[in-house]
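Working notes for the structure below.
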Protein chains: 2
Amino acid sequence: MSDVPKTHPRYLSLTLRDKIVRGVEQGITSIHGLIAHGRGEAFDYLIAEKTQHFATAAIHAAAVMLCLAKHPVISVNGSVAALVPEDLIELGQVLNAPLEVNIFHTETGREQKIKDHLLKHGAKEVLLPSTEAALDYIDSNRKFVHPEGIFKADVVFVPLEDGDRCEALRKMGKDVVTVDLNPMSRTAQQASITIVDNVVRAVPLLVDQIKKISDKTKAQTLISQYCNRTVLEEALKHIRRGENI
Amino acid sequence: MSDVPKTHPRYLSLTLRDKIVRGVEQGITSIHGLIAHGRGEAFDYLIAEKTQHFATAAIHAAAVMLCLAKHPVISVNGSVAALVPEDLIELGQVLNAPLEVNIFHTETGREQKIKDHLLKHGAKEVLLPSTEAALDYIDSNRKFVHPEGIFKADVVFVPLEDGDRCEALRKMGKDVVTVDLNPMSRTAQQASITIVDNVVRAVPLLVDQIKKISDKTKAQTLISQYCNRTVLEEALKHIRRGENI
C-alpha cells in the first residue's frame with residue numbers, strides 16, 4: 001500500500017486511489033477502471049466531494065425501490081469490488097439480495113477473482129454470469145447473466161455501470177438503480193434512479209436508509225413522487241452554478 | 001504502441017493515453033498517474049481541449065516570472081516525463097534551468113528511470129533528490145530535494161504537482177508556476193501562477209513565449225498586473241457555464 005501520511009489533506013481521496021490500484025494489482029479491477037476512476041474524481045470535485053441534496057433524494061427513493069423489489073440483485077464490477085466490498089455485502093444482507101459479478105473487460109479469470117475477493121470479505125453467496133441466460137439488446141459478453149440472479153431480477157442495483165448494459169436492462173422492463181458521479185453519462189440518463197455521488201459515500205448511506213424503512217406502504221408514496229429527470233437536472237445545475245467555491 | 005487510426009476523432013487524446021500507459025510499462029510513471037490522467041481528461045473536456053484565454057494569460061505571466069528568476073528549476077514527475085520530455089528539456093535550455101526529478105510514489109528505482117529517460121531524450125543534466133537537503137512543512141519523502149536544485153530555487157516550475165508540496169514550496173518563500181487542468185485543486189489554488197491547460201499544449205506555448213521576451217523590464221509590468229485568483233475564477237466560470245458540454 002501507499003505511504004500517504006494521514007495528515008495529508010487529500011488522504012481519503014488518495015486512499016481510494018490506493019484501493020483501486022490494489023484492485024488492479026490483485027487482478028480484480030481492469031486497468032481501464034483507473035482512468036474511469038480519475039474521471040469520477042473530477043466530477044466529485046465539482047460536487048465538493050460531498051453527498052448533495054440531489055443524491056440524498058435519490059438514495060431515499062432507491063432505498064424504497066430496493067425494499068419493495070420482489071427479486072433485487074446487486075451487480076458487482078471490478079471497481080466497486082475494490083472500493084466498497086463490505087458495503088455491497090451488507091447491502092445484500094439487508095435486502096436479502098444476491099451479489100452477481102458482471103464486468104466489461106473480461107480478462108481470463110477476473111470474474112472468479114472478484115467472487116473470491118467478495119467471499120473473503122464475508123459474502124455468503126456470489127453469482128457468476130452463465131451462458132444459460134442472456135440479456136436481450138446487447139452484443140458484448142456482458143449479456144450473459146445468472147438465471148437466478150440478474151436474469152430474473154425486477155430491480156438491479158448496478159453502481160458504476162456501462163451505458164449499453166443499463167439500456168438493455170431497462171428495455172427488458174427491469175428497474176435500475178445506479179451510482180454515477182457524471183449526471184450526463186448514458187447510464188445516469190437511462191437508469192430508473194441515479195445517485196450522483198461517490199460510491200464510497202452513497203452505498204453506506206443507502207444501507208442506513210434501507211434499515212430505517214419500517215412502513216413499506218408509506219414509503220411507496222416517496223417513489224411515486226420521485227422524478228429522476230428532475231434530480232439529474234438538479235445535479236447538473238449544482239455543478240454549473242459553482243456553489244462549492 | 002497502440003493501433004489507434006489517425007482518423008479517429010479522439011486520436012490525440014488516445015495517443016496521450018498511450019504515452020502515459022507506456023510510461024507505466026517503462027517504470028517511469030506511477031500507476032496512480034493513470035488515475036490522475038483520467039481526471040485531467042475530464043477537466044480537459046470541460047475546457048473543450050483547447051488553450052483558453054485564462055491559460056494564455058497565465059502562460060504570458062509565467063514566461064516573465066521564469067525569465068526574471070535568478071535560479072529557476074523545473075521539477076519533473078513520472079507523468080510529465082512520459083508526456084512531454086522534449087518540451088521540458090527545451091524549457092530547461094531556454095531558461096538555463098536544471099531539471100530535477102521529484103515524485104510522489106517512490107517505487108524503487110523510478111527516480112533513476114525518469115532521469116535516464118530524460119537523458120535519452122537529450123537532457124544535459126538531471127538532478128535527483130538528495131537526503132542532504134529537505135523542504136520544511138512536509139511529511140512525505142517528497143521533502144527531499146537537491147541542494148543545488150529546488151532547495152535553492154527562487155522560482156520552481158512544477159507541472160501536475162501535489163498540493164502539499166506546492167504549499168511547502170510557497171511557505172518557504174519560493175514562487176511556483178504550475179500546470180493543472182483542475183482549477184479547484186490545492187496546487188492550482190496555492191501556486192503563484194496556475195496554467196489551467198493540458199500540459200502537452202501548455203509547455204510548448206510557454207517555451208515559445210519565453211523565446212519572445214526581449215525586454216525584461218517591460219515584461220515585468222505584466223507580472224505586476226497578473227492576478228492568479230482572477231485567472232482561476234475565469235477558468236471556473238468557463239467550466240461552470242457549460243459552454244463545452
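Taken together, the values in this text are just the output of simple stated rules run on the coordinates, not laboratory data. Bear in mind the structure is a predicted one, so any value in this text is a computation, not a measurement. Quick reminder, even Gly has a Cβ in these numbers, built from the backbone with ideal geometry, and neighbours come from all protein chains shown.
For B:Lys212, the aspartates and glutamates whose Cα comes closer than 15 Å to its Cα, not counting residues fewer than 8 places off in the same chain, are B:Glu90. Here the contact order of chain B, divided by its residue count and restricted to Cα pairs under 8 Å and six or more residues apart, works out to 23 percent. Counting only whole DSSP H helices of chain B, the ones at least 18 Å long by C-alpha along their axis and with mean Kyte-Doolittle hydropathy no lower than 0.5 are B:53-68, B:199-212. Peptide A:30-36 shows a mean partner chain C-beta count of 5 within 10 Å per residue C-beta. Using R0 = 41 Å, the C-beta based FRET efficiency linking B:Ser214 and B:Asn141 works out to 0.50.
Every Cα-Cα pair of chain B was included, and the share exceeding 29 Å stands at 24 percent.
Only Cα pairs within less than 10 Å get springs; with that Gaussian network setup on chain B, which residue of B:Ile89, B:Ile138, B:Ile20 has the largest fluctuation? Residue with maximal mean-square fluctuation among B:Ile89, B:Ile138, B:Ile20: B:Ile138. Note on region B:70-88 and region A:45-119: Cα centroid distance 41 Å, given to the nearest whole angstrom. When both bridge partners sit in the protein assembly as shown, DSSP labels roughly 20% of those beta bridges antiparallel. So which of A:Lys19/A:Lys115; B:Lys50/B:Lys70; B:Lys143/B:Lys216; A:Lys113/B:Lys6; A:Lys19/A:Lys124; A:Lys216/A:Lys237 end up more than 28 Å apart, counting from Cα to Cα? Over 28 Å apart, Cα to Cα: B:Lys50/B:Lys70; B:Lys143/B:Lys216; A:Lys113/B:Lys6; A:Lys216/A:Lys237.
Partner shielding of A:39-49 amounts to 5, given as the average count of beta-carbon atoms from other chains within 10 Å of each residue beta-carbon.
A P(r) calculated from all alpha carbon pairs of the protein assembly as shown, with 20 Å bins opening at zero, reads 23, 51, 24, 3 percent. When A:Arg165, A:Arg142 are sorted by how many other C-beta atoms sit within 10 angstrom of their C-beta, beginning with the fewest, the order is A:Arg142, A:Arg165. If you run the Gaussian network model on chain A, springs between alpha carbon atoms under 10 Å, then out of A:Asn141, A:Asn102, A:Asn182 the most flexible one is A:Asn141.
To the nearest 0.05, what FRET efficiency results for B:Thr56 and A:His32 with a Förster distance of 25 Å applied to their C-beta separation? Computed FRET efficiency for B:Thr56 and A:His32: 0.15. Placing +1 on each Lys and Arg Cβ and -1 on each Asp and Glu Cβ, with no other charges, gives region A:53-241 a dipole about its Cα centre of roughly 420 debye.
Of all DSSP-defined beta bridges confined to chain B, some 20% are antiparallel rather than parallel. Of interest is the spacing of the C-alpha centroids, which for region B:153-192 and region B:22-42 amounts to 20 Å.
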